[in-house]
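The values are calculated or read from the model by the stated rules, or taken from the named source; none is laboratory data. Predicted, not measured: the structure shown is a model, and the values here were computed from it. Heads up, the Cβs are rebuilt from the backbone with ideal geometry, glycines too, and the neighbour counts pull from every protein chain shown. Surface accessibility is based on the protein's heavy atoms, side chains included, excluding ligands, DNA and RNA. Shrake-Rupley method; radii C 1.70, N 1.55, O 1.52, S 1.80 Å.
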Amino acid sequence: MATRKIKIFDTTLRDGEQVPGAKLNAKQKLEIALQLERLGVDVIEAGFPCSSPGDAQAVKNVAQEVKKSTIAGLARAVQQDIDICWESVRPAESPRIHVFLGASDIHVQKKLRMDREKALNLAVESVKYAKSFCSDVEYSTEDASRTDFEYLCHVIEAVIKVGATTINVPDTVGYATPDEFGDLIVRLRESVPALDKVTLSVHCHNDLGLAVANSVAAIRNGAQQVECTINGIGERAGNASLEEIVMTLRTRQTVFQAHTDINTKEIYRTSRMVSRLMNIPVQPNKAIVGSNAFAHSSGIHQDGILKDRRTYEIMKPEDVGIKEHTMVLTARSGRAAVRHKLKDLGFDLEKEMFERVFQRFINVADRKKEITAKDLSSIVEVEISKVPETYAFLGMQIMSGNQTTPLSSVRLKKGDEVITDAAIGNGPVDATYRCIERLIGHQGKLLDYDLKAITTGKDALGEAMVRVEIEGRVYSGLGTSPDVIEASARAYLNAFNRYFANNV
Ligand code: KIV
Ligand code: ZN
């Protein structure tokens, strides 16, 4: 069956990076961009270059290294933004400037403090200006789903006339419903014939949990590009999830008669990488990439799966790159076995990083009988996500119980100095966090705390993820250990080390 190609525009590195605490450094950004290229996305929105010199440089690095995907940078309808954006994306084989401006009355009048005419002129002038540098210019009518329809058509017509090559229709606040949004796409195509000559794109947010439904409704009604993020991360409730859109089109081809060029076998690896580097856990029941997405727990379901997987599975886990690994490692496994296993899991580590992972592996394996593939992946992810350790974790002791005030004593190393202190708290984690704060002389506000078992069983490895506000900014931290309080302590310290890495 001949199907329409839908372009995948990934904005994990821009809209996704707007999540508090998810800020990436340039190296991490490049690592994700290269993985997105392997995944086969058509366009990578690498950042918002005018937001900081660091982001401008990070976008430039991506533009220099990525060869197959188009590299877009976001710019407000302001000449200076467009100048900076162009400087960042121009080294790319295929650069794109993405200009946006509010279109709804609430955005035009209240946020921009303009009238519609002035905003329309600004849109036209900005696209003309961007076009003077770059042939590929995308224009986004921000808050399109709440914009007066006639005015929306005027803006779109006008920016196409001066050279916009992609028109993006965002549901910026996640307000639309699928019928409404699909209908908006139909009406726009009917009312603005020039849309036939450009790429029509959509960008949906998930405030009502409808981002993917709205995106696929738009595709069904003629949209040719979707903007989305890995794991659905993004501003507020997030953006439409890339993996859900891609697998919906693939699994229900007869409904959508559309395809993407995504190599679906790279989906799981990309999801894990984004979760690890941005320190945003994936909820277990998340479609496609959650840890339970292909797990069958009820007896009836297990029986069905054993007889024929299709009884309860509409996709194969291997199609999204989830492999079941059965080989387990123990404290007696040598470097060769660990290296082999890592390769199998897709980690090709340099010598120094391998050594750090191996030492941590031995440390964990001494306390936990068997190290599974998931445990090992988690150990690697924690080691890779480590920042320079202003304070290194050495050890801890806890006294806790229902009849006693929890007391925690922690030992850290700063440079060559070993420092130890103790503190009490409302629970063992609270006592440990207070103790760490005393030792390093800084306080944090714990915004998020997530603890999960990497595998099943009583001796499962615990993985803690935290988000901590330190002096007005949010830092994330990750830690693992067979001891959940130690995993929590390592995660808290990791967040502080991130703070020190950025501020000292
Ligand atoms: O949500 C939105 O409208 C955006 C635009 C910049 C495309 O992120
Ligand atoms: Zn957005």
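Values for this structure:
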{"quantity": "Residue match in the stretch 110-122 (condition: surrounded by fewer than 20 Cβ atoms within 10 Å (Cβ to Cβ), within 16 Å of ligand 2 (Cβ to nearest atom) and free of Cβ contacts under 8 Å to residues at least 24 places away in the same chain)", "calculated": "yes"}
{"quantity": "Per-region count, the stretch 228-285, residues more than 19 Å from Q35 (Cα to Cα) and away from ligand 2 (no atom under 16 Å from the Cβ)", "calculated": "15"}
{"quantity": "Selected residue [away from ligand 1 (no atom under 16 Å from the Cβ), aliphatic (A, V, I, L, M) and not in a strand (DSSP E or B)] from L184, L120, L152", "calculated": "L120"}
{"quantity": "Positions within the stretch 6-43 being in contact with a strand residue (DSSP E or B) (Cβ under 6 Å, 6 or more places away or on another chain), outside any helix (DSSP H, G or I) and either open to solvent by 20 Å² or more (accessible area, probe 1.4 Å) or away from ligand 2 (no atom under 15 Å from the Cβ) (or both), in sequence order", "calculated": "I6, K7, R14, P20, G21, V41, D42"}
{"quantity": "Which listed residue, of K307, K286, K323, is open to solvent by 60 Å² or more (accessible area, probe 1.4 Å), charged (D, E, K, R) and closer than 16 Å to R269 by Cβ", "calculated": "K323"}
{"quantity": "Test: residue in the stretch 51-64 that is assigned to a helix (DSSP H, G or I), within 24 Å of A237 (Cα to Cα), more than 18 Å from the chain's Cα centre (by Cα) and within 16 Å of ligand 1 (Cβ to nearest atom)", "calculated": "yes"}
{"quantity": "Residues that are in a helix (DSSP H, G or I), modelled with pLDDT under 90 and open to solvent by 30 Å² or more (accessible area, probe 1.4 Å), drawn from the stretch 353-381", "calculated": "N363, D366, R367, K374"}
{"quantity": "Qualifying positions in the stretch 482-498 - of a type outside the set (A, V, I, L, M) and either crowded, with 24+ Cβ neighbours inside 10 Å or under 24 Å from the mean Cα position of the chain (by Cα) (or both)", "calculated": "S488, R490, Y492, N494, F496, N497, R498"}
{"quantity": "Close pairs (7 angstrom Cβ cut-off, 6 or more residues apart or separate chains): within 14 Å of G395 (Cβ to Cβ) in the stretch 485-501, open to solvent by less than 10 Å² (accessible area, probe 1.4 Å) and modelled with pLDDT of 95 or more anywhere", "calculated": "I485/T432; A489/V410; A489/T432; A489/I436; L493/I436"}
{"quantity": "A336 vs. criteria hydrophobic (A, V, I, L, M, F, W, C) and surrounded by 14 or more Cβ atoms within 10 Å (Cβ to Cβ)", "calculated": "no"}
{"quantity": "The stretch 127-139 - residue that is buried (at least 24 other Cβ atoms within 10 Å of the Cβ) and out of contact with any Lys or Arg (no Cβ under 8 Å at 6 or more places or on another chain) and, of those, nearest to R189 (Cα to Cα)", "calculated": "Y139"}
{"quantity": "Per-region count, the stretch 192-234, residues under 24 Å from P284 (Cβ atoms) and of a type in the set (S, T, N, Q)", "calculated": "4"}
{"quantity": "Test: residue in the stretch 451-461 that is of a type in the set (V, I, T) and in a helix (DSSP H, G or I)", "calculated": "no"}
{"quantity": "The stretch 422-445, residues that are surrounded by fewer than 17 Cβ atoms within 10 Å (Cβ to Cβ) and in contact (Cβ under 8 Å) with a residue 40 or more places away in the chain", "calculated": "H442"}
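Yes or no, residue by residue, for (1) of a type outside the set (S, T, Y); (2) open to solvent by 30 Å² or more (accessible area, probe 1.4 Å):
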site: T147; (1), (2): no, no
site: L152; (1), (2): yes, no
site: T165; (1), (2): no, yes
site: K197; (1), (2): yes, yes
site: S201; (1), (2): no, no
site: L208; (1), (2): yes, yes
